[in-house]
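Just so it is clear, none of the values below were taken in a lab; they were calculated from the coordinates. Not measured: the values here are computed from a predicted model. Backbone-built Cβ (ideal geometry, glycine too); neighbour counts: all protein chains shown.
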Amino acid sequence: MAYADRTKLAKLFATEVDRFVAAHPGSHSRHEKALGPMMGGVPMSWMAKWPGGFPVYVEHAKGSRFTDVDGIEYVDFCLGDTGAMVGHSPDASIQAIAKQLAQGITFMLPTEAATIAAQTLADRFGVAKWQFTLTATDANRHILRYARHVTGRSKIVVHDYCYHGTVDETFANLDDHGNTVSRENNIGPQVDPAETTIVVPFNDLDAAEKAFATGDVAAMLIEPAMTNIGIVLPQAGYLEGLRELTRKYGVILIHDETHTLSEGVGGMTARRNLHPDAVVLGKTIGAGIPAGAFGMSEELTKRVSDSLHLEHIDVGGVGGTLAGNALSMAAVAATLTKVLTPEAFEQMEALCDVWTTDVQNIIDRYSAPWQVSQLGCRAEYSFRESAPINGREAADADDFELQQYLHLHALNRGILMTPFHNMALMSPSHTHEDVARHTAHFEEAVASLFG
Ligand SMILES: Cc1ncc(COP(=O)(O)O)c(C=O)c1O
């Protein structure tokens, strides 16, 4: 167990809850009202999971910070779990969005901004042809449909403990005997994911080859580094090995870079000179205005377009009326070209280096059995001594109560961490002062546990 003294932990947590409730009467009263018309008092069920009994209500946000309805200012390291990785409401995005809002929001017709966005992504990722959706989930769903369509095969391969949005086929895990089973707490699956999916551990080429050798696999959908069960980094040669095997067995390789975009303008794909058949993006690219994207290689694009019938294309299962709308495209074009620049990434990563070093130093000073991993401008500590090599190892280190304590401790000191994670993201607006605030909180929290 990451922290053995549960009585002490419970006492520490109770003290933080009292402090939180006392400091947030405005958020508390708004939550009480919200309990009337919304399940759990929140617009989406998972928002009820924040620690402290009720969520904080935001009054306004800009750059790296937001202020709540009780007048408390926070440094935001959650950044909408990457939806606001460019910082809140960056000026260049807002100008383009405001202009488009006044000129029409959605037409079922393309705008020039789409071409600018697609060309920018093609140049950055080395992937030729792009399509746009409203979310990364939709982009994943669409590219999986295309993959099954052109290969005529039914199954997909994913990593154990992956998360790719609410894509049905991905809610599968490995059981203790290595069988693919429905993920625990999978809510109302359409079919048993064991019928659609083969799960393999991250960093295990043998398991991947065994799955591909069945001959049933249309696509493998991966994050090049896992980010949703904490950060799990690829071992040397793993990603290149997957590319070789997917080519050998005719499996379409999809990089979901929704989160791993943290490594730079072309994500891990460009930075590590990788060559998938398809890349998926979302959240970040529109500065929070709903937008997702998937890019396909020339070869895959040709296979897809040769197999589609124009007459039926609108009801074939790939689409959405608002996909590629003018507002989303204006947001994406401006955000990619004016905010998410190579210079911005350099600065974000350098600051994340400082955050990571500070956290690891404190872990070492207090001999906490924890470690921190970094992926560009994203870093996360986990409750285990060495970096995990697969999702199962990362999941086994989870400690919900410990995490709730650390999150609430942070909130009470004006810091928002990514919920369900121990993760911090840097935006182009974050400063050394922001990082120092986190370092002070983390030292105080670790000292309260181990001091
Ligand atoms: C890797 C990855 N892909 C896709 C998604 C889905 O994004 P969205 O919920 O915006 O559709 C997520 C969400 O966290 C993600 O982490």
Worksheet item: For Ala447 and Ala387, FRET efficiency with R0 = 25 Å and r from the beta-carbon atoms, rounded to 0.05?
Response: 0.55
Discussion item. Among 160-167, 256-263, how do they line up by average Cβ neighbours within 10 Å per residue, starting with the highest?
Written reply: 256-263, 160-167
Worksheet item: Among Ala333, His149, Asn273, which residue has its Cα positioned farthest towards the positive end of the charge dipole of the range 91-339, with +1 placed on the Cβ of Lys and Arg, -1 on the Cβ of Asp and Glu, and the dipole taken about the Cα centre?
Response: Ala333
Practice prompt. Set the Förster radius R0 to 60 Å, insert the Cβ-Cβ distance between Ala213 and Thr337 as r into 1/(1 + (r/R0)^6), and round the FRET efficiency to 0.05.
Written response: 0.85
Fill in: Cα-centred dipole magnitude for the range 91-339, charges only on beta-carbon of K, R (+1) and D, E (-1), debye, nearest 20
660
Worksheet, complete the sentence: Heads up, the range 202-270 by the C-alpha gyration tensor (a ≥ b ≥ c square roots of eigenvalues; a/c under 1.5 rounded, else a/b over b/c prolate, else oblate) looks prolate
Worksheet entry | Prolate/oblate/rounded call for the range 91-339, Cα gyration tensor, a/c under 1.5 rounded | prolate
Worksheet item: Could you give the nm distance between label points at Val58 and Lys8, where each point is 7 Å from its Cα heading toward the beta carbon?
Response: 3.6
Worksheet entry | About the Cα centre, charge dipole magnitude for the range 1-100 (Lys/Arg +1, Asp/Glu -1 at Cβ), debye | 180
Worksheet, complete the sentence: Between Ala440 and Leu322, the two model label points (7 Å from Cα along the beta-carbon direction) sit apart by a distance in nm of 4.1
Worksheet, complete the sentence: XL table Lys11/Lys33; Lys62/Lys338; Lys8/Lys49; Cα-Cα > 19 Å flagged, in table order, is Lys11/Lys33; Lys8/Lys49
Worksheet, complete the sentence: In the chain, taking the dipole from +1 charges on Lys and Arg beta carbons and -1 charges on Asp and Glu beta carbons about the Cα centre, the listed residue (Gln190, Gly215, His259) farthest towards the positive end is Gln190
Worksheet item: When the Kirkwood hydrodynamic radius is evaluated over all pairs of different C-alpha atoms of the range 316-451, what value in angstrom, to one decimal, is obtained?
Response: 16.9
Worksheet item: What dipole magnitude, in Debye to the nearest 20, does the chain give about its Cα centre under +1 on Lys/Arg Cβ and -1 on Asp/Glu Cβ?
Response: 700
Response to the item:
Computed from every Cα-Cα pair in the chain, P(r) in 20 Å bins starting at 0 and rounded to whole percents is 24, 57, 18, 0
Worksheet item: Cα gyration tensor of the range 1-136, axes a ≥ b ≥ c as square roots of the eigenvalues: rounded (a/c below 1.5), prolate (a/b > b/c) or oblate?
Response: prolate
Item to complete: Straight distance only, please: which lysines reach the Cα of Lys248 with their own Cα at less than 28 Å, same-chain residues fewer than 8 apart left out?
Response: Lys129, Lys155, Lys210, Lys302
Fill in: Ordering of 391-397, 219-225 by packing [mean C-beta count within 10 Å, highest first]
219-225, 391-397
Item to complete: Name the residue farthest towards the positive end of the dipole of the range 1-106 from the options His88, His24, Pro55, assuming +1 on Cβ of Lys and Arg, -1 on Cβ of Asp and Glu, about the Cα centre.
Response: Pro55
Discussion item. Around His259, under 9 Å between beta carbons, what's the net of Lys plus Arg minus Asp minus Glu among the other residues?
Written reply: -2
Worksheet item: Using a basic spin-label model with each label point 7 Å from the Cα along Cα→Cβ, how many nm lie between Ile187 and Thr431?
Response: 4.0
Discussion item. What does the charge count around Met85 come to, taking other residues whose C-beta lies under 13 Å from its C-beta (Lys +1, Arg +1, Asp -1, Glu -1)?
Written reply: -3
Worksheet item: Reachable aspartates and glutamates from Lys283, Cα under 18 Å, same-chain residues fewer than 8 places away excluded?
Response: Asp76, Asp81, Asp91, Asp138, Glu223, Asp256, Glu257, Glu263
Worksheet item: In the neighborhood of Asp68, defined by Cβ-to-Cβ distances under 12 Å, what is the net charge if each Lys or Arg adds +1 and each Asp or Glu adds -1?
Response: -2
Practice prompt. Could you compute the FRET efficiency for Lys33 and Arg247, with r as their C-beta to C-beta distance and R0 at 45 Å, rounded to 0.05?
Written response: 0.20
Worksheet item: For Tyr74, Tyr57, what ranking results if the residue with the fewest other Cβ atoms within 10 Å of its Cβ goes first?
Response: Tyr57, Tyr74
Discussion item. Averaging the inverse of every distinct alpha carbon separation and then flipping it gives the Kirkwood radius. What is it for the range 173-288, in angstrom units?
Written reply: 15.3
Item to complete: For a quick protection proxy, order the peptides 86-93, 372-379 by their average other-Cβ count within 10 Å, most packed first.
Response: 372-379, 86-93
Worksheet item: Using Cα atoms only, what is the angle between the long axis of helix 6-23 and the major principal axis of the chain, expressed in degrees (0 to 90) to the nearest 10?
Response: 90
